[in-house]
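The values are calculated or read from the model by the stated rules, or taken from the named source; none is laboratory data. Note that the structure is predicted; figures quoted are calculated from it, not measured. Every residue, glycine among them, receives a Cβ derived from its backbone with ideal geometry; neighbour counts consider all protein chains shown. Note: areas computed on protein heavy atoms with side chains; ligands, DNA, RNA excluded. Shrake-Rupley method; radii C 1.70, N 1.55, O 1.52, S 1.80 Å.
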Amino acid sequence: MKIRNYIGGEFLDPLSHQWLDNYNPATGEVYSQIPDSDGLDVEMAVLAAQKAFPAWAALGEEKRSEFLMRIAKAIDDRLDTLALAESMDNGKPVWLAKVMDIPRARDNFSFFATAILHESSSTHKTGTEAINYTYKSPIGLAGCISPWNLPLYLFTWKIAPALASGNCVIAKPSEITPMTAFMLSEICAEIGLPAGVLNIVHGLGPKVGSAIVSHKDIPAISFTGGTKTGAEIARVAAPMFKKLSLELGGKNPNIIFADCDFDKMLRTTVSSSFTNQGEICLCGSRIFVERSLYDKFKTAFVEKVKAMKVGDPMDDGNKVGAIVSRQHMEKVLSYIKLAQEEGGTVLTGGTQVHPEGRCANGYFIEPTIIEGLSYTCRTNQEEIFGPVVTIMPFDSDEEALEMANSTPYGLSATIWTENLTRAHHFAHQLQSGIIWVNCWLLRDLRTPFGGMKQSGVGREGGFEALDFFTEKKNICIKL
Ligand code: NAD
């Protein structure tokens, strides 16, 4: 099967006629091909978007909202098919894609379809002399680039606000997980989205991604991916004075105090460590536990994680699916080796799994818990982005805070305590853009989403996302 670019409302082969293999990570087999596009395909997409922009921007919020709601409904109608496709492309369990990825992709469209109807702008009275009002207009063309871990979920998290606010989009999904983006383009064609409003160009980051970032007619880039890629994008885009939203890597702390609700904490910590094979930027990969609770936690956590079944993503009994690619699996395994070299002890997991049957050649790793490491070692400072967590005891609030804030990242953090004063104190001092107290991944799409330090620049979500894709102008009228 061949995935095709979606440009100007048409399904096109790449101009180069070159293709890339697309793997199913659960079986290790090539099951489709994707366009190996380049700057020429991006140029075509820009021309199509420029042609579509005036009419799309002039359509008005209500009509644009209707289109987005139609896309949301079409995603919902295809929930099972999309979930299966997401699982085949990414390796995640089908059941997870059904309850997380695809419903959230639908919600991204319906959320921004309705949010745009509630947008308003401010006025400022300058004494009796003048009145100022803020006039908002779409930026024009927006470039949206997304990663492989939550493919349709994160792709649509950018596309939906960009379209809702009246922009036309040139989007690039990860070349590792392109399938549901392709299916989204089929949906757009089917519901009659005007040609050129959304253009999806498939291919490699350094070819298609960088052509989008460096294109002079794309003034806004919304990117989610690794910190290193984000730095490269900033290097290219900053001298062009582009608007940039960068959602990057993380190394999130999970801080567990002895006074927490133990059962709730334990259940959630298993999820926050290993959901989606630990390949969620918000997973808590460094677990700090107050010393008086450490042994009890360790025993219970190891027991629960040992019981997690790893294997065929199509089997609903499996909690952990395949790692997204061979290359990423090898990276994760190399970090487990590094952890041991750094003096860590693997309490459970640590090795590749070879399931029987159709997944024998897939890329599976046991959920892994490591203890005995210093919080400053590489294993605890660098992003692994897989089913690997470390556990460490702490003796005081100050020590926990220092360890939690010690990495160059600042995406999210979780705090477990029944002491609200302590929770507030900690939350205010943690260097993270998103903090959960006694929960994890509880998302309200209106809240600002993004990281501090090397985890990113800017915030997505709610009106912040609509603002990003909007140009604001102050108009001052002398009274
Ligand atoms: P990546 O940076 O390798 O790739 C992300 C996207 O950027 C892909 O589409 C890729 O093709 C493209 N790309 C690569 N080089 C490019 C270039 N030079 N110019 C433009 N585009 C380029 O990231 P990944 O491996 O796909 O995803 C994993 C990373 O994403 C992890 O670091 C994870 O923490 C991060 N992530 C962050 C968030 C967040 O919200 N902060 C969410 C999910 C994932």
Item to complete: Scan region 208-225 residue by residue and report those that are under 22 Å from residue 465 (Cα atoms), of a type outside the set (A, V, I, L, M) and within 7 Å of the ligand (Cβ to nearest atom).
Response: 209, 223, 224, 225
Item to complete: For region 146-203, enumerate the residues that are within 16 Å of the ligand (Cβ to nearest atom), open to solvent by 10 Å² or more (accessible area, probe 1.4 Å) and hydrophobic (A, V, I, L, M, F, W, C).
Response: 148, 154, 176, 179, 182
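May I ask you to say which residue of 171, 181 is in a helix (DSSP H, G or I) and in the same structural domain as residue 41 (by TED's automatic domain parsing)?
Checking each option against the conditions leaves just 181.
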Worksheet item: With 63, 92 as the choices, which residue is out of contact with any helix residue (DSSP H, G or I) (no Cβ under 9 Å at 6 or more places or on another chain) and closer than 23 Å to residue 200 by Cβ?
Response: 63
Worksheet item: For region 302-311, does any single residue satisfy the condition of being in contact with a helix residue (DSSP H, G or I) (Cβ under 6 Å, 6 or more places away or on another chain), of a type in the set (D, E, K, R) and in a helix (DSSP H, G or I)?
Response: yes
Worksheet item: Out of the residues in region 452-478 that are free of Cβ contacts under 8 Å to residues at least 24 places away in the same chain and within 17 Å of the chain's Cα centre (by Cα), which is farthest from residue 435 (Cα to Cα)?
Response: 464
Practice prompt. Give me a count of the residues in region 133-146 that are in contact with a strand residue (DSSP E or B) (Cβ under 6 Å, 6 or more places away or on another chain), of a type outside the set (Ser, Thr, Tyr) and farther than 15 Å from residue 212 by Cα.
Written response: 2
Worksheet item: Somewhere in region 375-387, is a residue closer than 26 Å to residue 422 by Cβ and open to solvent by less than 10 Å² (accessible area, probe 1.4 Å)?
Response: yes
Discussion item. With the requirement that a residue be open to solvent by less than 30 Å² (accessible area, probe 1.4 Å) and over 23 Å from the mean Cα position of the chain (by Cα), what does region 263-307 give you?
Written reply: 265, 266, 288, 289, 293, 294, 297, 300, 301, 302, 305
Worksheet item: On the given criteria, is residue 140 at positive phi and in contact with a Phe, Trp or Tyr (Cβ under 8 Å, 6 or more places away or on another chain)?
Response: yes
Practice prompt. Look at residue 449 and say whether it is more than 21 Å from residue 296 (Cβ to Cβ) and not assigned by TED's automatic domain parsing to the domain that holds residue 342.
Written response: yes
Worksheet item: Considering region 318-337 alone, what residues qualify as being farther than 21 Å from residue 391 by Cβ and assigned to a loop (DSSP other than H, G, I, E, B)?
Response: 318, 321, 322, 323, 324, 325
Worksheet entry | Number of the exception - residue 131 against (1) part of a helix (DSSP H, G or I); (2) surrounded by 13 or more Cβ atoms within 10 Å (Cβ to Cβ) | (1)
Item to complete: Provide a single number: the residues in region 329-349 that are open to solvent by less than 20 Å² (accessible area, probe 1.4 Å) and out of contact with any Gly (no Cβ under 6 Å at 6 or more places or on another chain).
Response: 3
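Filtering region 415-462 down to residues that are of a type in the set (Gly, Ala, Ser), outside any loop (DSSP other than H, G, I, E, B) and surrounded by 17 or more Cβ atoms within 10 Å (Cβ to Cβ), which residue is nearest to the ligand (Cβ to nearest atom)?
Ranking the qualifying residues of region 415-462, first place goes to 456.
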Worksheet item: Tell me, which helices (runs of 4 or more DSSP H) lie completely within region 1-97 with 2 or more residues that are among the small types (Gly, Ala, Ser) and under 29 Å from residue 356 (Cβ atoms)?
Response: 79-90
Item to complete: Hey, can you tell me all the residues within region 106-120 that are modelled with pLDDT of 95 or more and either closer than 22 Å to residue 320 by Cβ or open to solvent by 20 Å² or more (accessible area, probe 1.4 Å) (or both)?
Response: 106, 107, 110, 111, 114, 117, 118
Discussion item. Quick check on my filter: what residues within region 352-374 are among the hydrophobic types (A, V, I, L, M, F, W, C), assigned to a strand (DSSP E or B) and open to solvent by 10 Å² or more (accessible area, probe 1.4 Å)?
Written reply: 353
